[in-house]
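Working notes for the structure below.
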Ligand code: TRP
């Protein structure tokens, strides 16, 4: 059994791309491994130092992940700021993190460009905080996308450096958890690229979307003027529409529209109507569960408390040992 850690940024609502991407894998991992999934609210301050509604954002993310299937009885689901041991380990790691390597980090360079008015030390040390999140539980596996690989490499660097400097074999080297073929790429509705919000709200279908919003977005999805020769190849926006259909509709439905396309008889309006209804059918249980959970304060606080207890037990053990290794002693 592996010890798995993953952080979730408390920004924005879950969409179908998230669900069919990492989330489905989290849901299956929680049955097989010792998983720690946390909401990275400390990290969010590096880009949003004075959030409007930090607590509300964290609650929304927690609720949506629960609604999507993360199980607090199986995984340890917690909020980063509930485990201040993380901040202490971050402090220790920062003492042995070098300005040069932090400055060379690609995500830091990107952030300098994105927010030149706020190049704070938290941004520079984002990778040490992430390393602290991971090694505080002595994780062996971290499910990360391509964009996080460099951070994971830095985590290994910091963990190894700690072992070397203090002459111990304490932290394991966390490796990327490879999903392989189970990572389905979900395209956006507005033509090219994957589903996400960066191309505008209309590009993504959120688990919490109301039926009317889903119909509106799907009907506005990008198409073309239609096929003119039988069995012709599908251009990207049409390919995307079929890909979306393949995750929410039955095989018969997909085959039906595929045949119409191949006979040059397809009417995209009809296809979109069907796709919208199938998306509504698929997302409805999630939306209903999200609404239910948002009103269940008692359950939410029970989940948060459980997660905090389990995560702190693990983190406190590490911090106690790390303090001993470095040489802190109480008088
Ligand atoms: N940096 C990650 C992201 O942007 C979030 C994150 C914070 C994380 N701490 C982590 C991911 C620890 C995995 C493990 O998505």
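Annotation for residue 284 and residue 45: the two label points, set 7 Å from Cα along the Cα-Cβ direction, are 4.4 nm apart.
Any idea what the relative contact order of the stretch 201-291 is, in percent, if you count C-alpha pairs under 8 Å spaced at least 6 apart?
On the way: 73 pairs, mean separation 40.5, N = 91.
Across the stretch 201-291, relative contact order equals 44 percent.
Modelled this way, with points 7 Å down the Cα-to-C-beta line, the labels at residue 31 and residue 258 are 2.7 nm from one another. How much length is gained if the chain between residue 194 and residue 121 is pulled fully straight, taking 0.36 nm per residue apart and subtracting their Cα-Cα distance, in nm to one decimal? Here the answer is 23.1 nm.
Helical content alone sets the calculated 222 nm signal of the chain at -16500 deg cm²/dmol, taking -39,500 (n - 2.57) per DSSP H segment of four or more residues and averaging over every residue.
Can you give the Rg to Rh ratio for the chain, taking only C-alpha atoms and Rh from Kirkwood? Could you put the intermediate results ahead of the total?
Details: Rg = 22.5 Å, Rh = 21.8 Å.
With Rg and the Kirkwood Rh in hand, the quotient comes to 1.03.
Cβ-Cβ distance of residue 74 and residue 225, R₀ of 45 Å, FRET efficiency by 1/(1 + (r/R0)^6): the value works out to about 0.35.
Can you give the FRET efficiency for residue 114 and residue 302, using 1/(1 + (r/R0)^6), R0 = 45 Å, r = Cβ-Cβ distance, to the nearest 0.05?
Details: r = 38 Å, r/R0 = 0.84.
The formula returns an efficiency of 0.75 here.
Give me 195, 95 sorted ascending by neighbouring Cβ count inside 10 Å, so fewest comes first.
95, 195
With both labels modelled 7 Å from their Cα along Cα-to-Cβ, the residue 210 to residue 153 distance reads 4.7 nm. Contact order, relative form, for the stretch 56-138: 33 percent (alpha carbon pairs under 8 Å, 6 or more residues apart, mean separation divided by residue count). The protection proxy used here, the mean number of other Cβ atoms lying within 10 Å of each residue, ranks peptides 18-29, 215-226 as follows, highest first: 18-29, 215-226. If you take the Cα centroid of the stretch 58-103 and the Cα centroid of the stretch 279-319, the two points sit 15 Å apart.
Extension gain for residue 173-residue 236 works out to 18.6 nm (0.36 nm per residue, less the C-alpha to C-alpha distance).
Just so you know, all these numbers are worked out from the coordinates, no wet-lab data involved. For clarity, every value in this text was computed on a predicted model and none was experimentally measured. Ideal geometry is used to build each Cβ from the backbone, glycine not excepted, and the neighbour counts take in all protein chains shown.
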